[in-house]
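The values are calculated or read from the model by the stated rules, or taken from the named source; none is laboratory data. Keep in mind it's a predicted model, so treat the numbers as computed, not measured. All Cβ positions, even for glycine, are placed from backbone atoms using ideal geometry, and neighbour counts span all protein chains on display. Areas reflect the complete protein model, heavy atoms only, side chains present, ligands, DNA and RNA absent. Shrake-Rupley method; radii C 1.70, N 1.55, O 1.52, S 1.80 Å.
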Protein chains: 2
Amino acid sequence: MPDSLFELHERLAADTHLVGDLVLSRLLLINDATYPWLLLVPRRPGASEILDLSPIEQAQLMTEIAQVSEALKAETACDKLNIAALGNVVPQLHVHVIARSRRDPAWPRPVWGHAAAVPYTDKAAGEVLSRLRRRLWLTDDKR
Amino acid sequence: MPDSLFELHERLAADTHLVGDLVLSRLLLINDATYPWLLLVPRRPGASEILDLSPIEQAQLMTEIAQVSEALKAETACDKLNIAALGNVVPQLHVHVIARSRRDPAWPRPVWGHAAAVPYTDKAAGEVLSRLRRRLWLTDDKR
């Protein structure tokens, strides 16, 4: 399926800032300053499950999960990474990569449904995005 | 790290039935009849994050996630798979593969912390384990 037919689900677009495009996935920052929280969205139209990707794409997704995990861990010195593909509400395949701290408000429970998001200020979002792009060799002109 | 040094975390052992050993991971059935819920535990001593696995092991883990997802989907005709590596409570790396139904009690929320587990009867557990082993070419003598 050509990448050009990919459209980001409107709910994911509304809740995130764009970090950039990796080889397979669009990388997004969830607009919640409570947790350093990224999403990987494989640019494959119609994919809802990891099973909807080819084995090659599945392997690439794992590579990107590891790349993004490494970057997030280096940026945050987190206590634990939480990685998940749920999609019960938004059907477009997306993988959460979340840096958890023993001092975050949901610890040790999962973050979903814990509390309303606290949006980043423009300045804070810009700083986080710049640091992540630098770590992942991404530029700002990918959308 | 040799596989022979691997020991399943006592909490994971207490909460599950053994399905069998895949190439990398021990496959377990969570003892909660509310959801068809499997765990993949890579037999690598000390691994807590996916990042603690080598790239080859990470790729194998993705292969096993797909194998197990396919088997669980075929057995349950579920509406959605939920796949997650959290580990905030039990540090040993384990990946949840859960078959979700629109009619299950936690839908559309994640399953963790929703309600107390409802253990399988011996008969029901035996049947589920047999069906999964048959789908995954596993035998009963792996422990």
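On a 0 to 90 degree scale, rounded to 10, what angle separates helix B:55-76 from the longest Cα axis of chain B? It works out to around 20 degrees. Each other copy places its own label point for A:E75 at 3.8 nm from this one, sorted shortest first, where the point lies 7 Å along the Cα-to-beta carbon line.
The mean number of Cβ atoms from other chains found within 10 Å of a Cβ in peptide B:80-93 is 6, as a whole number.
Rg ratio for segment B:51-143: its Cα radius of gyration over 2.2 N^0.38 Å, N being its residue count, equals 1.20. What the Cβ-Cβ distance of A:D52 and B:A13 gives, at R0 = 41 Å and to the nearest 0.05, is a FRET efficiency of 0.80.
Ranked from shortest, the separations from the 7 Å Cα-to-Cβ label point of B:R135 to its equivalents in the other copies are 3.6 nm.
Our helix-only sum for chain B, with -39,500 (n - 2.57) per DSSP H run of n ≥ 4 divided by its residues, gives a mean residue ellipticity at 222 nm of -9000 deg cm²/dmol.
For segment B:1-72, the Cα-based Rg and Dmax, in that order, read 12.2, 36 Å. Around the amide H of B:V19, modelled in the peptide plane, lie the amide H atoms of B:L27, B:L28, B:L29, all under 5 Å away and 5 or more residues distant in sequence or on another chain. Given a Förster distance of 30 angstrom, what is the FRET efficiency for A:A77 paired with A:A116, based on the Cβ-Cβ distance and rounded to 0.05? Between A:A77 and A:A116 the formula returns 0.70. Surface composition of chain B: carbon plus sulfur atoms contribute 53% of the solvent-accessible area (1.4 Å probe, protein chains only, all chains present).
Relative to the longest principal Cα axis of chain B, at what angle does helix B:122-135 sit, 0 to 90 degrees, rounded to 10? Result, in degrees: 60.
The orientation-averaged projected area of the convex hull spanned by the Cα atoms of the protein assembly as shown comes to 15.0 nm². Summing Cβ point charges (Lys, Arg +1; Asp, Glu -1) relative to the Cα centre of segment A:3-137 gives a dipole of roughly 500 debye. List the distances, in nm to one decimal, from the label point of B:R11 to the label points of the same position in every other copy, shortest first, placing each label point 7 Å from Cα along the Cα-to-Cβ direction. Here B:R11 shows inter-copy label distances of 2.9 nm.
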